[in-house]
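Student: Can you read through this structure? Questions will come right after.
The values are calculated or read from the model by the stated rules, or taken from the named source; none is laboratory data. None of these values were measured; they are calculated from a predicted model. When we count neighbours, we look across all protein chains shown, and the Cβ atoms used for this are built from the backbone with ideal geometry, even at glycine. SASA here: full protein model, heavy atoms, side chains in, ligands and nucleic acids out. Shrake-Rupley method; radii C 1.70, N 1.55, O 1.52, S 1.80 Å.
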Amino acid sequence: MNVPRCVSMLKIGRPNYITSLAYTSQRRFYSSQPLLGRLFGVGRSTPSVTSLNLNWTKRRNLGAVFTPTRYEHQSTGPIENTQPVKHRSKDVEHIETLITENKIEEALKYFYESPTLECAFILLNFCAQNVNENSANSALSVYNRLILAKVLLTSHCFDRLMLICNKAQKYNTTIQMFHDLNKSHIRINSRLFSFAAYAMYKTKDLSVFAKLIDVLKSGVHFKPPTFAFQNLLSVASFTQAQWLMDYMVQNKIDFDEKCFVQLLTSCTKQGPSALQFAHVVYKQLSLTQFMNVGEIQNLVLQMFAKCGDINEAIEVFHSIQQPNLIL
C-alpha cells in the first residue's frame, strides 16, 4: 500500500481511499492494520482490528472511514462507545459516602427511611467485612427492615447475613435464616448449604440436618464442599453416615482426614453389625494418603477390633510401616 499517497488522500478529504485499498484483491481488513495505526493512532478512536468481523452490519456500525465508499457516507468523528452505562441511584451513592465517612448510624437511618435491595447490599457487605457484635446487630436490623418493607430478598442477601451470623457466633440466628430461606423458595447454593451445615454442627440441631439431607436427596445443582460433610457426619447416625459416604463417592467429593475420622468412629460405635460397611470405609481409605496418619491407623485397628474382625486388624497392623508409633 502506498503510504504517501494515502496521506495525501486524507489531506484532500478522501479517507475512504484507505479502506478501498484494504479491500482490493480480496485482502482482509487486518492487512491495513499497521497503516491505520500510524494514521489514526493519535487523537482518534480506532477499534481493535483483530476483534472485527467483515460483515456488512459491523462495518456499518464502525463508520464510513472503515467501510467502502459505496456503502456509507464519509464520517470524520470518533467511534462512539455504544455500551450501556449503568446509572447508580442517589440513595446508593449517599449511603456509600456515609460509610466512607464512617457514619454508619446515619447510613442505617437513611436506609430505614427508603429501604432498597441495592442499599442493603452495600450495608451487608460492609458488615461482613467488619464483623463484631454491633455490625451483626446492624445486619439483622437491615434484614428486619427489608422483611417489613416486603422487599424480595436474594441469595446474596442470605449469603451475607448467614456469614455475618456465623462469624458473630449467632448460630441459632443462622438456622432461622436457613428456615426463612427455605420458605422463600430461593435456590440454595454451596455457600448457603455450608453456612447452614456449620451452624447445625455448632447447635446440634437435627431438624436442620434433616432438611440438609433433603436438599441433597432432591438433586442439587452444585457440588457441596468437603467441610460441609465433615459437619454432617459429626451428627449423623450410622445409617445416615452410610448414605452420606455413598453420596460423596457417587458425586466424586473428596474425602479429608476429618471425614474418615467420623466414619471410622461411627463404625466403631456400631460394633459387629457395621463390619461390612467398615470394610467399605477401609477400602476407600486405602485409596488416599491418610492411611499413613497415626491417628487414622489407630482408629482402623480399633474399628476392626470392635467389629469382630481380628484377622483384618492383625493384617492392617502388619501393613503399617512403623507400628511402634501407634498410640
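Student: Sorted by accessible area (1.4 Å probe), largest first, how do MET177, MET291 line up? Intermediate results must be reported in sequence, preceding the final value.
Tutor: Values: MET177 5, MET291 30 Å².
Listed by decreasing accessible area, they come as MET291, MET177.
Student: Per q in 0.15, 0.17, 0.19, 0.23 1/Å, what log10 I(q)/I(0) does a Debye calculation on the alpha-carbon atoms of the stretch 179-283 return?
Tutor: Treating every Cα as an identical point scatterer, log10 I(q)/I(0) equals -0.60, -0.76, -0.94, -1.32.
Student: Which whole-number percent gives the relative contact order of the stretch 172-243, counting Cα pairs below 8 Å spaced six or more residues apart?
Tutor: On the way: 44 pairs, mean separation 26.0, N = 72.
RCO, the stretch 172-243: 36 percent.
Student: Continuing with this model, one more query. By a straight-distance test (C-alpha under 18 Å), which aspartates and glutamates pair with LYS150 as possible cross-link partners, with residues fewer than eight away in the same chain excluded?
Tutor: Qualifying aspartates and glutamates at Cα under 18 Å: GLU113, GLU118, ASP180.
Student: With +1 on each Lys and Arg Cβ and -1 on each Asp and Glu Cβ, and nothing else charged, work out how big the dipole of the stretch 121-195 is about its Cα centre, in Debye to the nearest 20.
Tutor: Numbers: 8 positive and 3 negative charges, 28 e Å.
Magnitude of the dipole: close to 140 debye.
Student: What list of ³J(HN,Hα) couplings, whole Hz, do you get for the stretch 271-277 from phi and the Karplus terms 6.51, -1.76, 1.60, once you set θ to phi - 60° and write x for glycine and proline?
Tutor: Coupling constants for the stretch 271-277: x, x, 5, 9, 4, 4, 5 Hz.
Student: Next question, about the same structure. Please give the peptides 149-158, 248-257, 198-207 ranked by average Cβ packing (other Cβ atoms within 10 Å per residue), highest first, as a rough proxy for protection. Please list the in-between numbers first.
Tutor: Numbers: 149-158: 15.3, 248-257: 13.4, 198-207: 16.8.
Answer by packing, highest mean first, reads 198-207, 149-158, 248-257.
Student: Between the alpha-carbon centers of the stretch 198-238 and the stretch 91-109, tell me the distance in whole angstrom.
Tutor: One Cα centre to the other: 38 Å.
Student: Extent of the stretch 197-237 along each principal axis, from alpha carbon coordinates, in Å, largest to smallest?
Tutor: 27, 19, 17
Student: Could you check the spin-label model distance between LYS258 and ASN144? Points 7 Å from the Cα along Cα→Cβ, value in nm.
Tutor: Each label point is offset 7 Å from its Cα along the Cβ direction, giving 3.2 nm.
Student: With a point put 7 Å past each Cα toward its Cβ, work out how far VAL280 is from ILE310 in nm, to one decimal.
Tutor: Once both label points are built, they end up 2.8 nm from each other.
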